Amino acid sequence: MNKKLTVLLSLGAAICLAGAISACADVTAENAHTHTFSDAWESDSGYHWHAATCGHDVTEGRAAHTFDGDVCSVCGYPRAHVHSAKGYESDADSHWKQCEQDGEIFAKEFHTFESGVCTVCGEKETVSKLAFELDPATDTYTVTGRGEETGAQIVVPARHLGKAVTKIGAGAFSATEEAPDTTLTGVSLPDSVTEIGESAFAHCRALAEADLGGVQIFGESSFQDTALEEIGLDAVVDIGESSFYQTATLRSVTFGEALKSIGRYGFNGCPLIEKIVLPDSLVSIGNRAFYECAALSEVTFGEGLESIGVCAFTRCNSLTEIELPEKTANLGESAFSQCAALERVAIKGKAKLGDSAFYKCTALEQLVLGEEMILEDGAFYGCTALSDITFGPVLHVEPGEYNVYTNFYNIAKEVQIHFNGTIEQWCALDGNVFRGGLMRNEKYYNRGASKLDTNVQRTLYINNKKLEGALTFPADVETVPAFAFLGLRSVTSLTIPKSLKSIGEGAFEQVSAVDTLPVIYQGSLTEFCSMQVAWLVRCAKYAEYTVGGVKLAGELAIPDGVTKIPAGAFYAVQGVTSVSVPTSVKTFGLYALTALEITEIDYAGTMLEWNSIEMGNMSQGISYCGIPGKTDFLGRPSAQWTLHTTDQPPLTYNESEFQR
């Protein structure tokens, strides 16, 4: 039996030895492993050690700390500090201890009174003379008025009769505009007060100091018409309507990162505020919030701002520059109107600018808009210095009263336009973008005058490249909106693909400074006449047409089957002296054949058929061709022309005879 036991023990020992050998490393000379350890100490509150650097979970030199003074003499670990104090300190609301070694306050808590004495520190209870009302729903107190307190400086306690004070009630210390309070000069609120009710300190005209503690919500008109000069709103979440309305002495306002909204009229009529920094947490600014803050010269808008209300910054006449973040999606009507010193505006994101948003900002020179914008009527109306405009591929405009577009009405005569898109995207813009003053400036554009105002000029950059020289439209462009290229004066020739189906009114007016502009159409004459055209060329005295590879000269033969010669289609064509018109033509568009060298028109039908042709407005389909001695608004002389029909002798028209 003993023999058997000895054998079993020996066998077990051998197995354990083999397991131990394989646990860390092979014991052969070739593959032996030696642990390595860091020279630096690691530690916790009780021990220090050297950690392995070889990847194994082992330590070396683990031992308890040996403290010499406040640190371990081996590893330098600091001894945990234990506060010590002889007794409590206190005020009317709380008691606490202050460490004798490092001065840190600890063990702070509210008093617990019994029979008027705190059971912890012995402080005698002081009952405020202010008037209070207990809210049974929250079991907290609201200050409702002065009560028996007559002092000029009011200190609101954090607790009253053992319960927290959390609110200043509506009208608690208010007076009226006719009978203002002139006795209250200062107020200090504890952190426990989180809300100030409507008109709580309104018309306290001597109130010059306010420590607002932890206030988060301001009710309507809470500090209206006071004498505050500076205010810190570190914990405020919502600033109510007219909270600081007509606080004419207010110079400095600081906002905390909790702020979400500023109500309408919030700082209206605070003419001495010079600078504000709005936090990223702010979402909305209400109507007239900073209206007529005349000294306000610098505003930093936080990244979270989404909307700015009606007239929010109107007549802030010291403001020179604004930059709105990407999240700002809505600017109310007249949001920044009549800011007389405003020179630069940058709006990063997708936004809608309300009616007259920047109305009559007469110093505004540079405008940078985001990639997608909507402009309501008159957004930049009367910005007479606006001469540098940048915007992206999506820009919508909305009309005003009577469907009139005045978004850029009466801006500068000479304007640089930087378009962050392609020429296809430029031509895809709503034509009313150009009509509203961006290209056609109503102040200076006078189409019916004897001479166009040559001081109106636009310089267009498409993706940072100036549009000048030969203007060739891509093959997939189908429409050129009205006034799209008006006033450029930099184009020396036009090449139009047959894909183009429509050219809007005034699209190329004043597009070139040359006397004769080459116009190259890449389709047939029939296709040319099928376009919807309005004043194809009204940019130079003459136009030299090449259609389907053939230069138009001598006789212009309108192909049979053409039913309409579009408005302005052959306006001022040079080199064409006669036109043959088939009976299929039923309409001459406005200024369709206003070509001053044409002297003969051969009509393939009778005079009755000729007289049935619709001639556009007030006979102007072929006007200026037959009014001898007259000149048009470009100063070009007119010539007589003769009509030939199949049943009547030739008729030569002059001013008195041509009545159609």
At a 1.4 Å probe radius, carbon and sulfur cover how many percent of the accessible area of the range 32-130?
46 percent
Whole Å is fine, so just give me how far the alpha carbon centre of the range 335-383 lies from that of the range 309-325.
10 Å
Starting at the first residue of the range 514-527, write each ³J(HN,Hα) from the Karplus equation 6.51 cos²θ - 1.76 cosθ + 1.60 with θ = phi - 60°, in whole Hz, x for Gly and Pro.
7, 6, 10, 9, x, 10, 10, 10, 8, x, 7, 5, 4, 5
Neighbourhood charge, 12 Å Cβ-Cβ cut-off, centred on GLY302 and excluding it, Lys, Arg +1 and Asp, Glu -1
-4
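Among the listed pairs LYS465/LYS564; LYS275/LYS352; LYS466/LYS586; LYS327/LYS501; LYS275/LYS360, give every one whose C-alpha distance is greater than 31 Å.
Numbers: LYS465/LYS564 38 Å; LYS275/LYS352 26 Å; LYS466/LYS586 42 Å; LYS327/LYS501 39 Å; LYS275/LYS360 23 Å.
In this structure, LYS465/LYS564; LYS466/LYS586; LYS327/LYS501 lie more than 31 Å apart at Cα.
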Expressed as a fraction of 2.2 N^0.38 Å, the rule-of-thumb size for a compact globular protein of N residues, what is the C-alpha radius of gyration of the range 225-303?
0.96
Rough spin-label spacing in nm, given labels placed 7 Å along Cα→Cβ, for GLU555 and ASP234:
9.4 nm
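Quick one: pull the percent of accessible area on the range 190-332 belonging to carbon and sulfur, 1.4 Å probe, ligands and nucleic acids left out. Can you show the working numbers first?
Values: 2120 of 5230 Å².
The computed percentage sits at 41.
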For the chain, what class follows from the C-alpha gyration tensor (a ≥ b ≥ c being the square roots of its eigenvalues): rounded when a/c is under 1.5, otherwise prolate if a/b is larger than b/c, else oblate?
oblate
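Where does the charge balance sit around PHE473 when Lys and Arg score +1, Asp and Glu -1, over other residues with C-beta under 14 Å from its C-beta? Each step should come with its number before you reach the end.
Working: positive: LYS498, LYS501; negative: GLU424, ASP476, GLU478.
Result for the neighbourhood of PHE473: -1.
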Please calculate the 1.4 Å probe accessible area of GLU292, with all protein chains present, and give it to the nearest 10 Å².
80 Å²
What's the Kirkwood radius of the range 160-205 in Å, using all Cα pairs?
11.5 Å
Using a 1.4 angstrom probe, figure out how much accessible area the range 126-185 has per residue, in square angstrom, rounded to the nearest whole.
54 Å²
Considering amide H positions built from the backbone, and no H for Pro or chain starts, which residues 5 or more places from THR459, or on another chain, come under 5 Å of its amide H?
VAL415, GLN416, ILE417
Prolate/oblate/rounded call for the range 312-425, Cα gyration tensor, a/c under 1.5 rounded:
rounded
Apply the a/c threshold of 1.5 to the C-alpha gyration tensor of the range 187-318 and tell me whether it is rounded, prolate or oblate.
oblate
Scalar couplings 3J(HN,Hα) for the range 76-83 by Karplus 6.51 cos²θ - 1.76 cosθ + 1.60 (θ = phi - 60°), nearest whole Hz, x for Gly and Pro, are x, 5, x, 5, 4, 7, 10, 4
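Enter the accessible area per residue of the range 488-594 (Å², integer; probe 1.4 Å; all protein chains in place). Intermediate results must be reported in sequence, preceding the final value.
On the way: 3400 Å² over 107 residues.
Value returned for the range 488-594: 32 Å² of accessible area per residue.
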Once Lys and Arg are counted +1 and Asp and Glu -1 for all other residues with Cβ under 15 Å from that of ALA51, the total becomes -4
If you line up the Cα atoms of the range 483-549 on their principal axes, what length do they span on each, largest first, in Å?
29, 22, 15
If you line up the long axis of helix 2-24 against the longest principal axis of the chain, both from Cα atoms, how many degrees apart are they, to the nearest 10?
40 degrees
How much of LYS466 can a 1.4 Å solvent probe reach, expressed as accessible area in Å² and rounded to 10?
80 Å²
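Can you give the accessible area per residue of the range 298-347, in Å², using a 1.4 Å probe?
On the way: 1770 Å² over 50 residues.
With all protein chains present, the range 298-347 gives 35 Å² per residue.
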Dividing the helical contributions, -39500 (n - 2.57) per DSSP H run of n ≥ 4, by the residues of the chain yields a 222 nm value, nearest 500 deg cm²/dmol, of -1500 deg cm²/dmol
Bridge orientation stat for the chain from DSSP, antiparallel percent rounded to 5, came to 25 percent
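Size of the dipole of the chain about the Cα centre, Lys and Arg at +1 and Asp and Glu at -1 on the beta carbon, nothing else charged, in debye to 20?
With Lys and Arg at +1 and Asp and Glu at -1, about 2080 debye.
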Which whole-Hz ³J(HN,Hα) couplings does the range 325-333 yield from phi under the Karplus relation 6.51 cos²θ - 1.76 cosθ + 1.60, θ = phi - 60°, glycine and proline marked x?
x, 5, 7, 5, 9, 9, 10, x, 3
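The values are calculated or read from the model by the stated rules, or taken from the named source; none is laboratory data. Since we're looking at a predicted model, the values are computed, not measured. Glycine gets a Cβ as well: all are built from the backbone with ideal geometry, and neighbour counts include every protein chain shown. Areas reflect the complete protein model, heavy atoms only, side chains present, ligands, DNA and RNA absent. Shrake-Rupley method; radii C 1.70, N 1.55, O 1.52, S 1.80 Å.
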